[in-house]
Structure formats: structure tokens, C-alpha cells
DNA sequence: TGTAACGTTTGACACGTGTCAACAGTCACA
DNA sequence: TGTGACTGTTGACACGTGTCAAACGTTACA
């Protein structure tokens, strides 16, 4: 044991009556060492409780087996699914994943990006803030491949995995329109995040293409269940004739809040108002009224991003540099045909 | 720029016409360097896009500013709260947190513990698997302080933060008993995790101390919403007279599943059956029937664990080596007095 | 017996940084 | 002018590992 109280490769070599180089070979190229020495070294390792020093290994080898994952919001169930996909895929291929969370704070994001760069991570998967292209570019110029998740990108230098949220918005709106709804509200702040903006564009597109006269109200709201509850209460307070007959929420969390407010105020879903979410997080199935929503394959986004990254790391050029998933409408019980004016709840 | 294509401190020194030592001083002890040189160095750093190499720094300095957080189950909302608490506290004090997730897999836990050890993390916060005392001890012997979360520990060498789940089980059971319930079911596999076992002990204790004749059914179930739904359906299929009048679930996720099944089968909560959860995860408030549950301060567990760790890292001995939080009963709307045999739903 | 070929082991070196003793330069004071 | 005190700067070294050329030992063959 050396002066710092830690066991190094030298101590192992001394105990096993062998040179440092041999110990290193046992660790990295066991086939180059004779069985006798190998066993002696392994015994010494066990006796001393030696564990190799990753920083030294990294410094000498010049490469790292660590991959960084920077999440925009680790507490959003959708993104934890992304993380699970990334973890499952990279673990299988021998990479270590380090997860960090920017919590939608651009300063925090910058800090973590710098940290990742200082650690010389081999590669990086980022669910980025809206305004952080610069920092991502800096990492890229350092030589580490970067996969951007949940922001559609194009071009030759970079990789991305995203969902076609314009199409998703269209799906939701078309579904509601086809059920006969002619007064629809979209809930969510389009300035809050690029994907929300895209969804609204899709909704507007479907409305414009419907060929019938449709009124679309856009109600800005934070992306939380609490904001959903407040918005739901506002809607509940409106006279029934003035109220939209259908609501499309920018994310499921919002829809959950809206649903809760509606039920509390005796507004039936879908009998009085239809409600459509977005994301298809696991909890949508556990709600008192299972939610119609637009499914995004978060887990698959994670695995795909991880596969792109690992293939880039092994020197291959991935077949596709930019993958866009198509969302799918999942019809459950929170949406239904528009009711005639003098309607009654069925149960 | 050196041969590997990366910029090192030497390159900065050369460009700024200064020695390596001076550059290092600019980075670590700016006050020791004259303003003229400092500016020259800073300019060179900007021009070259120099970012220091954490592995080399770590190797030379002998210490790391990284703290590991190993979660048992990152997808359980309770544990993500713990992570949030840890992150907020350690970030403030300049530590970097690396999060990993053992996913209740003991092999994965071992792998990550080894990885943390190889990285020579300064300290470690672990929400451990039931059978992993050995590995934790190995880390401790390496000199890094370890805080164990959610498993009550005692003794002088080690730190822990936990919740008195026996008391929590008692709280839940006493509440139900005080409402007049005499036939109670506990749902959850006591072998699944130590905290669940503790809760059941608490329930049994309350039943024994009640002084009245109480029937307690223990129904093993996995710790998922899906398992809760299945158990709820089984209970719903029983004739009303044979059914327990109250259910205590081992965790909220289970209770959510039970609730969903009850409502689907027309069983009123709390009118037909009272339902009590455990954990107080955020979603309990968003349910169609807000859940009575036992609150555990997950976020505070995280901050406390982080504070203990950071004070240990700065050489102080924390005032308390083992902290046990007291749970609190949160009465919402899913529990109510037992109804006479010929009862009717009120709404 | 001598030599070549081969497989195993060795020892020195480099990776990029922080530290520390030593050194140079400046200034005030005697 | 010489001395001491002080500030700023330097250069060598160490941290623990992986690699690589060189050395070593063994065996096979002439």
C-alpha cells in the first residue's frame, strides 16, 4: 500500500513478485500472461483488495468508456423512459452512463455540459434546452459525438432522434374534429418548449384543412398538473354554451390536472367535454377516466439514440443520422362524439 | 495543440509565453498571478478553447469532487424525489452528482458500486438492495464515506437516513381501526423489500394493541400499479359480506391500482371500502379520489443524506450519524367510517 | 553445440495536471 | 551600495496506469 493509503498496481506487483507491466497485462490482456503468473497476480489482487484507478487509466489510455446523458427534466415520466432506454442499450455494450439533470435551467445545463467535457466523456446524449445549440457545438468540436433528443435536426454533422410533433398535433385535432367538435381549446404555452410549439402548429394545420368552420382557443399554461387544474377550473366556470366541447392538452400532466378539475365540478368527461392528452405517460392508464392521448415512444427514442451513439463511437457512420418517430393516437375513454345542446350525463 | 488533437495546459503556456505552473495557478489560485500574465493566459485559454482534463486533475490532486448516488429504483417517484434533494444540496456546495440506477437488480448494483469505486468518488449515497451490506462495506474500507438511505442502521461506522416505517404502519392501521374497521387487508409482499416488512410489522402491532377483535388479511403482491389492479379485482369479486372493509397498501402505486379496479367494478371508496396508501407520491393528489396515505419526506431524506455526506467529506463528524424521519398520516378522501351492513353510496 | 524462432516478462516512458522548493526581480531601508 | 523582505514565476516531479520496444528464457532444429 502506498502513502495515500490506497492500493496501486505497484503494490500488487511487489506482492506477486512480478513487474508492473505484467499486472497490467493480467488486467487488460490476460492471454499474454502465463497461467502461473496470472494466478499469482490475481491472488495478490484479491489479498490487497486492489481496484484500478479509473482516472489514471483514462489519462493514460486517452479514451473513456463513459457516456453522458443530460436530461431536460428528469422528473417528467417521459424523459425517465428515455433514460431507461439509453441505459439498457449502452449497458449491454459495456459503456457506463452518467446521468445528469438540467431541470430546464439553462445555466445548469451549461455547467453540466462543461463538466462532461472536462471528464472527456466518449459521447453525449442530450435532451436540450431550447437555446443551447452553441454549447452542443462546442462539445462536438471537441471530438465527442453528440445525439440530440427531442429536437428535430438536419444536416450532415450531428445526430438526432425526435418525434414529429406537428403530425402528433394533427392527429389529436383531427380525432376531435372527426368526433364532431367545432369548438376546441389547446392548452399549453407555445413559448415554453419547441415541441409544444410544434404540436400547436399541427393542431392549427388540421383545423385549417378540416374544410369546416372551427373555433380554436389557445390557452397558455405552464407544463404542470397544477396549471392544468387551474385551467380546468377556469373552463368549468364558463357557461356551458360558451365552453369548448373538446380540449387538447400540450402534455398529459396538464390533461391530468384538467380532468381532476372537471370531475370535481361535475363536468363529465367525455360526455360534457372531450379531453385529449399528449405523451402517453404510464399514469394515463391509471386515471379514473383513462385518457385518450398521442403516444410518443420515449423508450424507443432512448434506445435509438443510444444505438446511434455507440455505433458512432465504434467508428461506424450510422445509417441514419436523423431519426424522426411518428406518434400514434391512442383512443381511450376521455374523448367521445359531441353531444347535442340539451345533453345529459349518462351515468 | 498536442498530437492527440486535444489542447493541454502546455499549449496554453506556450501561446501565452508563460510556464505551465503559471497556467495552473491561473486556474487554481488566480490571486498568486499578476494581472498582466493572468490576462494573457486567459486570452490564450479562450483562443485555444482549452478545457482542463478532469482525469489528470483527479489523478494528480488525489481527490475527486464527484459524489455518487445509487438508486434502487429510479422510476419510483419517491426515489426521484430523494435524488432531487441530493442534487439540490450537493450542487450548492460545489459537488458533482453522478446518478445510477440499480433497478432492484443486485448484479447491476454490484457493477455500479465497483464502477463508483474505480472512479474514486469522494462519497456515496445509496438506496440499497436488501442484501448488499458486503459491497457497501468494501466501499467504506476504501475510505469513502457512505450514506445509506431507506434502511435503518445503527453503530458507529456508517451513516444512514431512513423512515420509521414500523411507526408508519401503525399510523395507517390505527387510523383505519379508529374509523371502526374490524376487517382489514394489507396488500404487499413483505419479502419484497425491508421497508415493506417494517410497515407490516407496524400494522400487526397496531392490531395487537387495539384491544378489540380485528381480522387482518395479508395479501402478497408485487410493488406495481398493475399488481394493485389485479388485487383490487380479486377483492371486488368477493361477496360484500366477506370482503375487508378497509385496505392498507404497502405503497401508493399499489393503492392506485386497487382504486382503479374498485371504481371500475362499482365499489365506492370510501363508502364501500376505505383505502389507505403509503409514501404520498405527488400523484396521490391527482387521483379521482384523493388518497389518504402515510407521508414520507423523500425530498428531505435526500437533503439530509447529502448534508451528512458533505459534512463528512469536509472532515467534520456529523452531529447525527443515523437519522430516522417520522412519517405522518395524511387524511384525504379515500378513508371513512365503516358503514352499517345495509349501506348505500352517498353520491 | 550453436542458432534461430518464439513466447513471456520487464522497465522506461508518457498521459495532463497540481504542488512545492527554488529562483529572479523589485523595493525599501540601513 | 548592500541587505533583507516580499512578490511573482519557474521547472521538476509525482499521481497510477497502459504500451511498446527490448531483454530474457525456452524450445526446436540444424
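The values are calculated or read from the model by the stated rules, or taken from the named source; none is laboratory data. The model shown is predicted, which means the values in this text are computed figures rather than measured ones. Glycine also receives a Cβ, built like all others from the backbone with ideal geometry; neighbour counts cover every protein chain displayed.
What to note about this one:
- Hits in region A:2-54 (condition: on the phi > 0 side of the Ramachandran plot and either within 14 Å of chain B (Cβ to nearest Cβ) or within 9 Å of DNA strand D (Cβ to nearest atom) (or both)): A:5, A:49
- Residue match in region B:280-292 (condition: under 17 Å from the mean Cα position of the chain (by Cα) and not in a helix (DSSP H, G or I)): yes
- Residue B:16 falls short on exactly one of the conditions (1) more than 12 Å from DNA strand C (Cβ to nearest atom); (2) surrounded by 18 or more Cβ atoms within 10 Å (Cβ to Cβ); (3) under 30 Å from residue B:93 (Cβ atoms), and that condition is (3).
- Residue satisfying condition, being over 16 Å from the mean Cα position of the chain (by Cα) and either over 30 Å from residue A:17 (Cα atoms) or within 11 Å of chain B (Cβ to nearest Cβ) (or both), within set A:68, A:78, A:62, A:85: A:62
- Residue B:97 meets the conditions (1) assigned to a helix (DSSP H, G or I); (2) touching a helix residue (DSSP H, G or I) at 6+ places or on another chain (Cβ under 6 Å); (3) more than 9 Å from DNA strand C (Cβ to nearest atom) in every case but one. The failed one is (1).
- When each of B:130, B:165 is tested for being surrounded by 23 or more Cβ atoms within 10 Å (Cβ to Cβ) and either under 17 Å from residue B:193 (Cα atoms) or at pLDDT below 95 (or both), the lone residue that passes is B:165.
- Selection of region B:20-59 for residues being more than 9 Å from DNA strand C (Cβ to nearest atom), within 23 Å of residue A:113 (Cα to Cα) and part of a loop (DSSP other than H, G, I, E, B) yields only B:49.
- Residues satisfying the stated conditions in region B:105-120, i.e. more than 10 Å from chain A (Cβ to nearest Cβ) and assigned to a loop (DSSP other than H, G, I, E, B): B:105
- All of (1) without any contact (Cβ under 8 Å) to a residue 24 or more places away in the chain; (2) assigned by TED's automatic domain parsing to the domain that holds residue B:80 hold for residue B:117 with one exception: (1).
- Subset tally (residues that are surrounded by 13 or more Cβ atoms within 10 Å (Cβ to Cβ) and under 23 Å from residue A:168 (Cα atoms)) for region A:206-228: 16
- Test: residue in region A:60-73 that is within 9 Å of DNA strand D (Cβ to nearest atom), in a helix (DSSP H, G or I), farther than 30 Å from residue A:252 by Cα and outside the structural domain of residue A:309 (by TED's automatic domain parsing): yes
- Residue A:174 crowded, with 17+ Cβ neighbours inside 10 Å, in the same structural domain as residue A:263 (by TED's automatic domain parsing) and more than 28 Å from residue A:302 (Cα to Cα): yes
- Residue satisfying all of: in region A:239-292; facing chain B (nearest Cβ under 10 Å) and touching a residue at least 60 places away in the same chain (Cβ under 8 Å); surrounded by the most Cβ atoms within 10 Å (Cβ to Cβ) among these: A:259
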